[in-house]
Every structure is written in C-alpha cells, then in structure tokens.
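The numbers here are math on the coordinates, done by the rules we state, and not lab data. All values reported here derive from a predicted model rather than from experimental measurement. Don't worry about glycine lacking a Cβ; one is built from the backbone with ideal geometry, like all the others, and counts go over all protein chains shown.
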Amino acid sequence: MKNKFYITSPIFYTNAKAHIGHAFTLITSDVIARYHRQKGDDTFLLTGTDEHGTKIARAAESAGQSEQKFSDGISESFKILGKILSISSDIFIRTTDKKIHWPGAIKMWSDLSSKKDIYKGTYAGLYCVGHEAFLKKSELVDGICPDHKTKPEVVKENNYFFALTKYKKELKELYKDGTIKIFPQSRTSEVLNMLEDSEDVSFSRPKESLSWGIPVPGDESQTIYVWCDALTSYLSAVGFGRNDEYKKWWPANVHVIGKDILRFHAIIWPAMLLAVGLKVPRSICVHGFITVGGDKMSKTVGNVVDPTVLIEKYGLDTLRYFLLREISSNEDGDFSEERLRERYTSDLANGLGNLVQRVATLIDTKMDGEIIYHDKLLPDIEELNEVEDDTEINQAIENFKLHEALALIWKKIDIANAFVNEEAPWKLVDTNPEQFQKVMLALTEMVHHIAYNLEPFMPETAARIREVFGDTNGKEIPNDFHFVIQKSAVLFPRLS
Ligand code: MSP
C-alpha cells in the first residue's frame with residue numbers, strides 16, 4: 001500500500017503581486033512534494049490564496065475596485081505564477097470559493113461553537129493589518145511592527161473569542177512528545193515560549209469594521225477572523241464540510257510556512273483542531289525570510305524582486321536552484337542578482353552543465369553516440385558508490401534542509417567531474433579500450449543518478465539531461481538499455 005502524503009504551502013494574501021519570497025515558499029513546498037512522489041507516496045500538494053480580511057479590503061479600496069474583482073485579479077496572478085514556477089500542486093484553493101471553501105469554514109466555526117469554545121467578549125489591542133493580527137507591545141520596536149514597518153492601529157470592539165488557553169497544556173505535551181514536529185527542531189523552544197504567553201484569540205470582527213469575509217454562522221453582524229477562515233482551507237480543500245475525502249488526507253504531513261506565521265500554525269491551528277476533535281498536523285517546516293540588505297522583502301517595505309523577471313533572464317531552474325541553494329531552508333538569507341550570476345557560472349554552467357556536455361560528447365564522438373548499459377559491466381569503484389548513495393540527501397530533505405541536499409548533490413557532480421579529469425577517457429579510447437568502456441559506463445550511470453537526484457529540485461533540467469542521453473526516468477536502469485545521445489543545446493550557456 002502506498003503511504004499518503006499531504007503537504008500544504010501557505011495560501012497567499014491577494015493584496016499585492018507575488019515576489020521571490022512567495023516563490024521561495026512555493027518552490028520549497030514543491031520540492032518536498034516531488035520528492036515524496038518520486039518515493040512513490042500518494043502525494044497531495046495544496047496551494048492557493050487567502051482573500052479576506054482588512055489588508056485586502058483596503059488594497060481593493062485604494063485600487064478603486066470591488067474586493068472580489070480586485071482579489072480575482074491577484075489570485076489569478078498567483079495561479080499563473082504557480083504554473084511559471086512548475087509547482088506540482090493538486091489544488092489551488094481560494095477562500096472566496098463559496099462552493100469549495102466556505103462550507104468547511106462554516107463547519108469549523110459551528111463545531112468550535114458547539115464545543116463551547118467560542119464566546120463573546122470585548123477586545124482592546126493593537127492591530128497590525130500587515131500581520132492581520134493583534135500584536136503585543138513587546139513585539140513592537142519603537143511602537144512599529146518590525147516586519148511591516150507600520151504602526152499598528154488601536155482597536156476596541158466586541159467580538160467572539162476562541163478559548164485557546166483551554167488547550168495549552170495538551171499542546172505542550174504534543175510538542176514535548178514529538179506528536180507535532182517542528183523543523184528546524186531549534187524552533188520548538190520558541191513555540192513552547194509562545195505557548196506560555198498565549199491568550200484566548202479574538203476570532204471575529206464586527207461587520208462595521210470588516211465586512212469582507214465569511215459571516216459568523218448565526219450572527220451576521222460579525223465576520224469570521226481571517227486566520228480562522230484561512231487555516232481551515234487546509235481542511236476544506238480536501239473535502240471538510242463537503243464530503244469525507246478529507247479523512248483520507250488528514251492530518252496534514254507537512255505545513256510549509258515562513259517564520260512570521262509560526263504562531264498561527266503551531267498554536268492557534270492545532271488548538272482549533274484539538275477543540276473540534278481532529279488530528280493535529282504531523283510537522284511544520286519553518287523557513288526564514290529572503291532579505292534585501294537585511295530587511296524582509298515585502299510589498300509594504302517596497303523592496304520586492306519579481307520572480308518572472310529573473311526567470312526570463314536566467315531560466316526557471318536557475319531561479320529554483322539559486323533560491324534553494326543560497327537561502328538556507330532554516331534561516332534568513334539575502335538575495336542579490338550578482339550572487340545568482342556567480343552561482344550560475346560556477347555551479348550550473350561549469351559544474352553540472354560541463355559534466356553533462358563532456359560525457360554526452362564523449363559518447364557521441366568516441367562511441368558512435370550509443371552506450372549499452374549492464375550492471376555487470378559497471379566497475380566497482382569508490383566514486384560510483386558515492387554517487388549512488390542517497391542516504392544523506394534523503395536525510396537532508398526529510399529534516400528540511402534543502403540547501404544541504406543540494407550541496408550534497410553538487411558534491412556528486414564534483415566527484416563525477418574529477419573522475420573525468422583523472423581517467424581522461426579521450427586518451428583511454430586507444431590505449432585501453434576495455435577501461436574506456438568501463439569508465440564511460442560509470443559516467444553514464446553517474447549522470448543518470450544525478451538527474452534522478454535533481455528531479456524534485458530542477459524537474460526541467462532533469463528532463464533535459466534525460467533527453468540528451470535518451471534516458472529512462474526511473475532510478476534503476478534496466479540491463480541492456482541503450483543510451484542514444486541526442487544532439488542538444490548546452491544546458492546552461494555562458495552568461496553574456
Ligand atoms: N495569508 C497568510 C498565510 C495563511 S496560511 C493559512 C500569509 N500570506 S502572505 O502572502 O503574506 O505570505 C505567504 C508566505 O510567504 C508566508 O509563509 C510568508 O512567510 C512568505 N513570505 C512572504 N515574504 C517572504 C520573504 N521575504 N521571504 C520568505 N518568505 C516570505 O502570510
């Protein structure tokens with residue numbers, strides 16, 4: 001039986017166009033999904049847009065459009081971005097979708113309410129529209145939200161509350177006993193500290209303050225809090241509120257998120273699930289921010305880089321590779337185009353591209369373009385064993401260290417390139433034809449295996465390598481398989 005694997009990316013606010021920070025989250029989620037598909041797991045990847053709340057209502061107002069029309073446009077641009085980035089998503093959920101999402105959000109509210117975990121109260125606090133959340137004074141720097149560089153608004157109003165504090169003790173145990181795993185693990189203590197400080201959460205806004213959202217079931221004068229609405233999309237997308245399909249997928253195996261939304265995912269969300277008697281997610285993978293000169297890249301700050309511009313200039317897989325290799329999965333990382341160009345030349349053109357081209361050209365010119373594979377003919381050499389060993393790469397991916405996994409793949413590329421230099425097969429053709437055959441077979445196997453390792457990260461490049469070699473796409477090569485070299489362009493041409 002296949003294992004099921006349900007993974008979610010965050011769903012994106014539709015207040016502004018996407019930047020490479022969003023692309024990073026999407027690509028990260030996609031790599032993990034593709035890795036699990038490659039392993040044979042029955043995989044489902046969710047992505048989509050989070051379309052309600054003050055932030056979007058205000059952006060629509062300043063654009064002079066209705067919320068729905070404005071949101072439709074940006075949601076569509078995120079959908080297109082997903083295609084441009086080759087995100088292998090199985091659903092693109094929209095929180096404005098009254099057929100797919102609303103029944104789930106309404107059921108979630110009703111279930112919380114019938115468990116007596118929703119109560120009426122008055123809230124007075126500092127609301128950061130960028131976060132769509134009340135912030136504590138201690139979270140501000142000189143009275144300003146450090147992420148959005150804006151002053152939060154003073155809000156005092158009547159709303160419904162979610163009785164989160166009832167679940168604090170139970171949640172603490174779930175983190176301590178590893179029922180919910182946080183990657184990187186070092187963030188678990190941060191979650192436990194946040195938990196200590198957690199209070200009941202304001203879970204609705206009066207309609208006069210915010211009407212753009214889902215009305216509270218049974219009380220139309222209030223709108224469901226955008227985070228209660230948005231988090232529930234992880235369930236509504238797989239059927240919750242509509243059918244029992246969600247039972248197949250739930251609990252989610254992984255929620256991929258940025259560090260700014262950890263509290264919502266690690267505290268509020270599992271508490272909601274405990275309250276309604278559903279299982280908690282198995283793990284939460286938390287990445288850092290892409291920064292520019294140390295500041296978080298964001299529309300509000302005004303320092304955004306458009307992923308489509310980079311893709312047009314350097315190609316999709318260059319962007320996928322660069323973001324995943326240069327920016328640690330676990331920490332903040334600065335973006336610079338200059339650094340991208342450096343990595344392109346050293347890692348892609350001189351590293352991977354060079355290897356593929358050298359091996360293909362040797363087969364093409366010295367072997368009439370064809371090599372027949374048989375495992376019995378493979379030499380028993382250290383280099384081949386190292387290239388075929390995926391243990392560390394798999395561990396890195398499963399421990400949410402995608403940057404490390406890529407570094408390990410590049411170690412293999414270096415091994416293979418060094419092997420070509422040492423063996424100098426172009427000389428062996430005449431001096432030792434038998435050794436020449438072995439070396440070429442070993443190199444073909446290395447390139448095949450490297451393409452297999454690259455598949456989740458750079459699917460287009462993996463496919464092009466296979467195309468050049470006339471290769472199959474499984475991990476194992478069948479005996480007597482004929483690799484027939486196809487004429488091909490250089491994978492990563494030199495930059496001008
Ligand atoms: N709508 C919420 C998420 C709801 S999930 C139920 C949200 N949306 S967002 O559009 O603001 O951000 C989406 C994701 O992009 C978040 O994980 C956030 O951390 C990530 N990023 C936004 N800017 C980023 C960087 N500069 N760098 C890396 N990721 C960043 O939050």
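What order do you get for His449, His287, His403 when you list them from fewest to most C-beta neighbours inside 10 Å? Could the numbers behind the result be given before it?
Working: His449 21, His287 25, His403 18.
Least crowded to most crowded, the residues run His403, His449, His287.
Using the Cα centre of the chain as origin and beta-carbon charges of +1 (Lys, Arg) and -1 (Asp, Glu), tell me which of Pro217, Ile7, Val468 is placed farthest towards the positive end of the dipole. Value: Pro217.
Excluding residues on the same chain fewer than 8 positions from Lys17, give the lysines whose Cα lies under 18 Å from its Cα. Lys17 reaches Lys55, Lys69, Lys79, Lys83, Lys296, Lys299. Both numbers refer to the Cα atoms of region 1-114; Rg and Dmax are 15.8, 53 Å. If you look for lysine pairs in region 337-484 that are eight or more places apart or on different chains, how many of them have Cα atoms under 25 Å apart? Here the count comes out as 18. Our summary of shape: the Cα atoms of region 88-206 have principal axis extents of 43, 39, 38 Å, ordered from largest down, in whole angstrom. Using the Cβ of Glu157 as centre and a radius below 10 Å, the other residues enclosed give a net charge of +1, where K and R count +1 and D and E count -1. Apply the Debye scattering formula to region 281-348, with a single equal point scatterer on each alpha-carbon and no solvent, then give log10 I(q)/I(0) at q = 0.15, 0.24, 0.26, 0.27 Å⁻¹. Results for region 281-348 at q = 0.15, 0.24, 0.26, 0.27 Å⁻¹ read -0.53, -1.13, -1.24, -1.28. If you average the alpha carbon positions of region 140-207 and of region 418-440, how far apart do those two centres end up, in angstrom? Rounded to whole Å, the Cα centres lie 62 Å apart. Once you have a ≥ b ≥ c as the square roots of the Cα gyration tensor eigenvalues for region 288-406, tell me rounded if a/c is under 1.5, and otherwise prolate or oblate according to whether a/b is larger than b/c. Judged from the Cα gyration tensor, region 288-406 comes out oblate (a/c at least 1.5, b/c at or above a/b).
Pairs of alpha-carbon atoms within less than 8 angstrom and 6+ residues apart define the contacts here; what relative contact order does region 337-484 have, in percent?
Working: 126 pairs, mean separation 49.8, N = 148.
For region 337-484, the relative contact order is 34 percent.
Ordering Val301, Val280 by the number of other Cβ atoms within 10 Å of each residue's own Cβ, fewest first, gives Val301, Val280. The share of C-alpha pairs in the chain whose separation exceeds 42 Å stands at 26 percent. With all projection directions averaged, the alpha carbon convex hull of region 337-484 covers 8.9 nm². Where the centre of each part is set by its Cα atoms, how far does region 11-78 sit from region 467-496, in angstrom? So the two Cα centres are separated by 35 Å. Listed by chain and number, the aspartates and glutamates whose C-alpha is less than 13 Å from the C-alpha of Lys2, apart from same-chain residues fewer than 8 away, are Asp41, Asp42.
For region 156-282, compute Rh as the Kirkwood radius over C-alpha pairs and then the Stokes-Einstein diffusion coefficient at 10 °C and 1.306 mPa s; write the answer in µm²/s, rounded to an integer. D, rounded to a whole number, is 102 µm²/s.
Pro206: net charge of surrounding residues, Cβ under 12 Å, Lys/Arg +1, Asp/Glu -1, itself excluded?
Details: positive: Lys120, Lys156, Arg205, Lys207; negative: Glu157, Glu208, Asp219, Glu220.
For residues surrounding Pro206, the net value is 0.
Helical runs assigned H by DSSP (4 residues or longer) give the chain a calculated mean residue ellipticity at 222 nm of -13500 deg cm²/dmol, each run adding -39500 (n - 2.57) before division by the residue total. Give the distance, in whole Å, between the Cα centre of region 91-117 and the Cα centre of region 252-281. About 15 Å separates the Cα centre of region 91-117 from the one of region 252-281. Just want the answer: with Cβ charges of +1 for Lys and Arg and -1 for Asp and Glu, which residue in Phe436, Val359, Pro478 is farthest toward the dipole's positive end in region 337-484? It is Val359, whose Cα lies furthest towards the positive end.
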